[in-house]
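Contents: one structure, followed by commentary.
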Amino acid sequence: MEERRRCKRTKLQSKIVLKQINGEGEEEVGIDVVDVSKSGVGFNCDRVLAIGAVYEAYLTIWTREVLHAILEIIRIEKKEDTISYGAVFVGMPEMDAMRISVYQAVEEYGNAN
């Protein structure tokens, strides 16, 4: 498969709750984060979400800080017992995106030594 990501992804063990904001009603969905970049997040979920759906998310990062973001689902891949999703951040403060970039730089530096 051809790599089409614009930003480097970093593995992150985290769980977040998504709240749908472009549908009828409010639905909270728990997900398991697989990886994250300053432009988006990959995650697994046992619930069916739709491409183009927009969710409000609170992502807990490695520093235990919680980042608030708006996600749009852009990729869905069915796995054996779960569904893998890709989402882009359509609303995240630049300061929070930079926190992700700084963590990636620290990770790369640590792995290079």
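The values are calculated or read from the model by the stated rules, or taken from the named source; none is laboratory data. What you see is a predicted model; the values in this text were computed from it and never measured. Neighbour counts are summed over all protein chains in view; Cβ atoms, including those assigned to glycine, are modelled from backbone coordinates with ideal geometry. Heavy atoms of the whole protein, side chains included, go into the accessibility calculation; ligands, DNA and RNA do not. Shrake-Rupley method; radii C 1.70, N 1.55, O 1.52, S 1.80 Å.
When only residues in the stretch 86-100 that are among the aliphatic types (A, V, I, L, M) and at pLDDT below 90 count, which is nearest to V29 (Cα to Cα)?
M92
Filter the stretch 53-80 for residues that are out of contact with any Gly (no Cβ under 9 Å at 6 or more places or on another chain) and open to solvent by less than 30 Å² (accessible area, probe 1.4 Å); which is modelled with the lowest pLDDT?
This residue is I61.
May I ask you to verify whether I83 is β-branched (V, I, T), farther than 25 Å from M98 by Cβ and either surrounded by 17 or more Cβ atoms within 10 Å (Cβ to Cβ) or modelled with pLDDT of 85 or more (or both)?
Yes.
Within the stretch 65-113, restricting attention to residues that are outside any helix (DSSP H, G or I) and among the hydroxyl-bearing types (S, T, Y), which residue is farthest from G52 (Cα to Cα)?
Among those residues, the one meeting the criterion is T82.
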